[in-house]
Amino acid sequence: MLDHVTLGVSDLGRARMFYDRALATLGIVRLYADGDNFSGYGVGRKAFFWIGKRDAVTTGSHVAFLAPDRAAVAAFHEAALAAGGRDNGRPGLRPQYRADYYGAFVLDPDGHNIEAVCYTAA
């Protein structure tokens, strides 16, 4: 079981703007900010997704956030693109993963693959 995940980012201010907007569509908000070093996102008082300033950022990470429904997946995708993300898979069914797998993918400003997914029927 995971407790939290941290991704390295090259520009914390830019990353905060991206994640503030994109994750809000899923009910996930910035709970903590450690100056110019880290920010923690979560629900209630529990931060489970963290971003941290790094001198060298390695991409290739993939983080998927559970969305309550397909509309939230679409809202995530739209907000993430508006916040500077790049499309990496428009909202839609991905039956190659599972019959009811509905997801959207964006690359954050550092190239991390961020996804919103739900498993509810239309």
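The values are calculated or read from the model by the stated rules, or taken from the named source; none is laboratory data. Remember, it's a predicted structure, so these values are computed and weren't measured experimentally. Every residue, glycine as well, gets a Cβ built from its backbone with ideal geometry; the counts of neighbours run over all protein chains shown.
Residue-wise test of (1) at pLDDT below 95; (2) within 14 Å of MET17 (Cα to Cα); (3) touching a Phe, Trp or Tyr at 6+ places or on another chain (Cβ under 9 Å); (4) among the charged types (D, E, K, R).
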site: ALA80; (1), (2), (3), (4): no, yes, yes, no
site: ALA83; (1), (2), (3), (4): no, yes, yes, no
site: TYR97; (1), (2), (3), (4): yes, no, no, no
site: ASP108; (1), (2), (3), (4): no, yes, yes, yes
site: ASN113; (1), (2), (3), (4): no, no, yes, no
site: TYR119; (1), (2), (3), (4): no, no, yes, no
site: ALA122; (1), (2), (3), (4): yes, no, yes, no
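Looking at ASP36, ASP55, which one is over 17 Å from TYR119 (Cα atoms), in contact with a Lys or Arg (Cβ under 7 Å, 6 or more places away or on another chain) and loosely packed, with under 14 Cβ neighbours inside 10 Å? Spell out the reasoning first.
Values: ASP55 fails: in contact with a Lys or Arg (Cβ under 7 Å, 6 or more places away or on another chain).
From the options ASP36, ASP55, the qualifying one is ASP36.
When both residues are 6+ apart or on different chains and their Cβ atoms are under 8 Å apart, which pairs have a first residue that lies in segment 1-15 and is touching a residue at least 24 places away in the same chain (Cβ under 8 Å), and a second that is of a type in the set (A, V, I, L, M, F, W, C) and surrounded by fewer than 12 Cβ atoms within 10 Å (Cβ to Cβ)?
The qualifying pairs are GLY8/ALA56.
Inside segment 44-122, counting only strands (runs of 3 or more DSSP E) that do not spill past its ends, which hold 3 or more residues that are closer than 15 Å to ALA15 by Cα and touching a strand residue (DSSP E or B) at 6+ places or on another chain (Cβ under 9 Å)? Steps first, answer last, please.
Numbers: elements: 46-53, 62-66, 86-93, 102-107, 113-118.
Of the strands (runs of 3 or more DSSP E) lying wholly inside segment 44-122, those with at least 3 residues that are closer than 15 Å to ALA15 by Cα and touching a strand residue (DSSP E or B) at 6+ places or on another chain (Cβ under 9 Å) span 46-53.
Across segment 58-75, which residue is farthest from ALA116 (Cα to Cα) among those that are out of contact with any helix residue (DSSP H, G or I) (no Cβ under 6 Å at 6 or more places or on another chain) and surrounded by 15 or more Cβ atoms within 10 Å (Cβ to Cβ)?
Within segment 58-75, the subset out of contact with any helix residue (DSSP H, G or I) (no Cβ under 6 Å at 6 or more places or on another chain) is 58-66, 68-75.
Right, trim to surrounded by 15 or more Cβ atoms within 10 Å (Cβ to Cβ) and you get 61, 65, 70, 72-75.
Details: SER61: 14, PHE65: 5, ARG70: 9, ALA72: 8, VAL73: 5, ALA74: 9, ALA75: 10 Å.
The qualifying residue farthest from ALA116 (Cα to Cα) is SER61.
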